[in-house]
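Here is the structure we will look at.
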Amino acid sequence: MKYIRYTYIDRKTKEPVSQSPAKNGPLHPEGISPTFAIEDSFQSGIPTFYGIAEDTFEPEDWMYETTEESFYQIMKEEFKDRARKKRKQVEQGGITLADGNLVDTSIDSQNRISGLVASINNDPDLVSIDFEATPGTWTTLTRDQGLSIGVAVSNHIQKCFTWCRGIHEQVDAATVLDDYLPIIQEIQAFGQEESVQ
């Protein structure tokens, strides 16, 4: 087997998109079984793919043949990156509390909630707190409600990190291509369920 890094080609001219735009539509080159893509490369307009070809396949001069070891290492890093991005997306995507209220969990909001909990814990005279749960949605909280939101946000963040660590461990344990299908499915599915805290 050969392990090839490549990009799309034009459907008619067969020129790679790294040399000219695919005016007739993009296509994977014949003879290579696409295996995975580097997601970040799509922003450049010249997506990077890795695929497998038979030993008799002769790569074009614009393609790059890599070793099996390098191919799998790059694939591991790609799926760890995808898991990390998904973790950040879900972590900062907000949560729904048991009472149905939405709470913003962006980094700024996480920092404010952390400060809120610290204020509650350090000031026994603080009995009510004005709180903006999401932009433009204001409420007044009791001490217990403020602490409860802090716990819910903390639990949500920890759940996201625990999930990401689990995916990274699955990626590290993967030894064959078939091991990656459940990983891909789990990355795609994470965060689809309602996050009620």
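Miscellaneous remarks
- Relative contact order of the chain, defined on C-alpha pairs under 8 angstrom at six or more residues apart (%): 18 percent
- Most tightly packed first, judged by the mean number of other beta-carbon atoms within 10 Å of their residues, the peptides 179-185, 155-161 read 155-161, 179-185.
- Rounded to the nearest 500, the 222 nm mean residue ellipticity of the chain from helices alone is -14000 deg cm²/dmol, with -39,500 (n - 2.57) taken per DSSP H run of at least 4 residues.
- Normalised by residue count, the range 89-189 yields a Cα convex hull volume of 105 Å³ per residue.
- Rotationally averaged projected area of the range 2-66 (alpha carbon convex hull; nm²): 4.1 nm²
- Global size of the chain as Cα Rg and Dmax, reported in angstrom: 23.6, 78
- Rg and Dmax of the range 98-142, Cα atoms only, in Å: 11.0, 29
- The range 159-176 - phi-based ³J(HN,Hα) in whole Hz, Karplus 6.51/-1.76/1.60, Gly and Pro as x: 4, 5, 5, 5, 4, 4, 4, x, 5, 4, 5, 5, 4, 4, 7, 5, 10, 9
- Proximal lysines relative to K86, as straight alpha-carbon distance under 30 Å, when same-chain residues fewer than 8 apart are discounted: K76, K159
- Cβ-placed point charges (K, R +1; D, E -1), dipole of the chain about Cα centre in debye, nearest 20: 340 debye
- Fewest-first ordering of F49, F42 by other beta carbons within 10 Å of each residue's beta carbon gives F42, F49.
- Fewest-first sequence of W62, W163 by Cβ atoms within 10 Å of each Cβ: W62, W163
- Taking Cα atoms only, the orientation of helix 180-189 departs from the longest principal axis of the chain by about 40 degrees.
- Here the relative contact order of the range 2-66, from alpha carbon pairs under 8 Å that lie six or more residues apart, stands at 43 percent.
- Dipole magnitude of the range 1-70 about its Cα centre (Cβ charges: Lys, Arg +1; Asp, Glu -1), debye to nearest 20: 440 debye
A short reminder: the numbers here are calculations on the coordinates, not readings from a lab. On a predicted model such as this, the values are computed, not experimentally measured, just so you know. Because the Cβ atoms are built from the backbone with ideal geometry, glycine has one as well, and the counts that use them run over all protein chains shown.
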